[in-house]
Each structure stands twice: as structure tokens, then as C-alpha cells.
1. Please find, among ARG108, ARG21, ARG30, the residue that is basic (Lys, Arg), closer than 29 Å to GLU166 by Cβ and assigned by TED's automatic domain parsing to the domain that holds SER176.
2. With the requirement that a residue be surrounded by 16 or more Cβ atoms within 10 Å (Cβ to Cβ), within 23 Å of PRO117 (Cβ to Cβ) and more than 18 Å from the chain's Cα centre (by Cα), what does the range 36-58 give you?
3. In the set LEU145, LEU187, LEU111, LEU182, which member is closer than 29 Å to GLN56 by Cβ, of a type outside the set (Ser, Thr, Tyr) and at pLDDT below 95?
4. If you scan the range 1-49, which residues turn out to be β-branched (Val, Ile, Thr) and part of a helix (DSSP H, G or I)?
5. Find the residue count for the range 125-179, including only residues that are among the small types (Gly, Ala, Ser), under 20 Å from ARG85 (Cβ atoms) and in a loop (DSSP other than H, G, I, E, B).
6. Would a scan of the range 164-176 turn up a residue that is within 13 Å of the chain's Cα centre (by Cα) and surrounded by 14 or more Cβ atoms within 10 Å (Cβ to Cβ)?
7. Return the residues of the range 50-60 that are outside any loop (DSSP other than H, G, I, E, B) and aromatic (Phe, Trp, Tyr); say none if nothing qualifies.
8. For the range 65-94, give me the residue count where each residue is assigned to a helix (DSSP H, G or I) and touching a residue at least 12 places away in the same chain (Cβ under 8 Å).
Amino acid sequence: MNRNEYNRLHTEDTIKLSFIRLYEQSGIDRVSIRAVCEEAGISRTMFYRYFDDKYQVLESIEDELIEGMRQINRRLVDVPLNEYRRGEPFPVFVDTARYIRSQEAYFRPLLNVHGDPQFIFRWKKQIRADVRQKFVHDSITTFNLDVVTELFAAAIVGLYTYWFFENPALSCEELSEIAGNLLCGSLYDFK
């Protein structure tokens, strides 16, 4: 990576982090470009080199988070579910939990009271697609695939939200065990 690319990425990251700190405090409506620039220590001109407005910053953050989770969940199709034993950490979900924890500065504000319902909708949609792909790959038929994938997506987003705000002491492995049990319960309890 050359120096210009490094500077560009660093400035984008600084803007995003400054934005999300303000967003966490008061939500999107009260975040101003001026405040983001002050927090980031940059000029408005610099801000507009990278983003058109605050909504584009939010969308960029959300896109990056969802893509990160999608990349991890792509490995779900390779996990033999018939070998998973309830009560054990589920490998893909361990990685997902670790990713979410590493990006907590972004996830927490998006899931809190000022959070973005659109992010939750998009996240659930991605989870449904990932789980659907696993079911199709393994030729698993369920009574109603749409209902099963929606129930799992809602449960898993709820689990991660609970983890952040109610029980952050849960380890990534403990969380992945619960998520694995949810997935296998979705498979076997709704056939």
C-alpha cells in the first residue's frame, strides 16, 4: 500500500470513527458535518472529499460491517451440521462473535436506542441469505424456509444485542455455543 492509499484509508477511518462517536450520543438527526469535522480534526472540505453527507458515512460503516460478517458466514456452507454437538462452540459463530467484538465501536451505536433500524433489517436479511444458502447447499428441507430463516435471523441479532447491553461477560465461545444451538434448533425443530 502506498502512502496516498494509506492516508486516504486513515482519513476515512477517522471520519467514520468520529461520526459513530457522535451518532452513539444522539442519533443521526443530531449529528452535524461540522461536529464530525471538529471531532476528526479535519476541514469540511476534507470531509466532502470522502463523503457526500452524514448518511453516506453511516451507509459506508454499515456496508463494511455487513460485508465483514458475510465474508465469515460464507464458510457456513462448509460446516457439517450433522457433526455439531449441542453445547460446543460453533466455529463460524466464534469467528463472527470475534469480528463483532473487534468492531464493537461501530456495532454498539448501531444497536443502541439511537441505532439504525435499517441496519438491523439489512443484517437480518444477510443472515437469512447465508442460512438459506446453507440449507440449500445441504439439501435441508423445512416446513417453511422463510419463517425458519427469519426466526433464526431475529434470534441471532437479538442474541448479539443482548450480549452487548446485558451480558458482555459472555465469551465469544459461549456466545457461539448459543448461536449454534439456535441454528441447529432451527434445522431440527422445524422440519
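1. Values: ARG21 fails: assigned by TED's automatic domain parsing to the domain that holds SER176; ARG30 fails: assigned by TED's automatic domain parsing to the domain that holds SER176.
None of the other options fit; the residue is ARG108.
2. Step one: of the range 36-58, the residues surrounded by 16 or more Cβ atoms within 10 Å (Cβ to Cβ) are 36-37, 39-40, 42, 47, 50-51, 54, 57-58.
From what's left, within 23 Å of PRO117 (Cβ to Cβ): 36, 51, 54, 57-58.
Those that are surrounded by 16 or more Cβ atoms within 10 Å (Cβ to Cβ), within 23 Å of PRO117 (Cβ to Cβ) and more than 18 Å from the chain's Cα centre (by Cα): VAL36, PHE51, LYS54.
3. One residue alone meets the criteria, LEU111.
4. First pass over the range 1-49, keeping only residues β-branched (Val, Ile, Thr): 11, 14-15, 20, 28, 31, 33, 36, 42, 45.
Selection gives THR11, THR14, ILE15, ILE20, ILE28, ILE33, VAL36, THR45.
5. Final tally of qualifying residues: 1.
6. So the first thing to find is which residues in the range 164-176 are within 13 Å of the chain's Cα centre (by Cα), and the list is 164.
Subset that is surrounded by 14 or more Cβ atoms within 10 Å (Cβ to Cβ): 164.
Scanning the range 164-176, I find at least one residue that is within 13 Å of the chain's Cα centre (by Cα) and surrounded by 14 or more Cβ atoms within 10 Å (Cβ to Cβ), so the answer is yes.
7. Going residue by residue through the range 50-60, those that are outside any loop (DSSP other than H, G, I, E, B) are 50, 54-60.
Of everything in the range 50-60, those that are outside any loop (DSSP other than H, G, I, E, B) and aromatic (Phe, Trp, Tyr) turn out to be TYR50, TYR55.
8. Looking only at the range 65-94, we keep the residues that are assigned to a helix (DSSP H, G or I), and these are 65-78, 81-83, 91-94.
If we keep only those that are touching a residue at least 12 places away in the same chain (Cβ under 8 Å) as well, we get 65-66, 68-70, 72-77, 81, 91-94.
Residues flagged as assigned to a helix (DSSP H, G or I) and touching a residue at least 12 places away in the same chain (Cβ under 8 Å) within the range 65-94 amount to 16.
The values are calculated or read from the model by the stated rules, or taken from the named source; none is laboratory data. Because the structure is predicted, anything quoted here is derived from the model rather than measured. We place every Cβ from the backbone using ideal geometry, glycine too, and count neighbours over all the protein chains shown.
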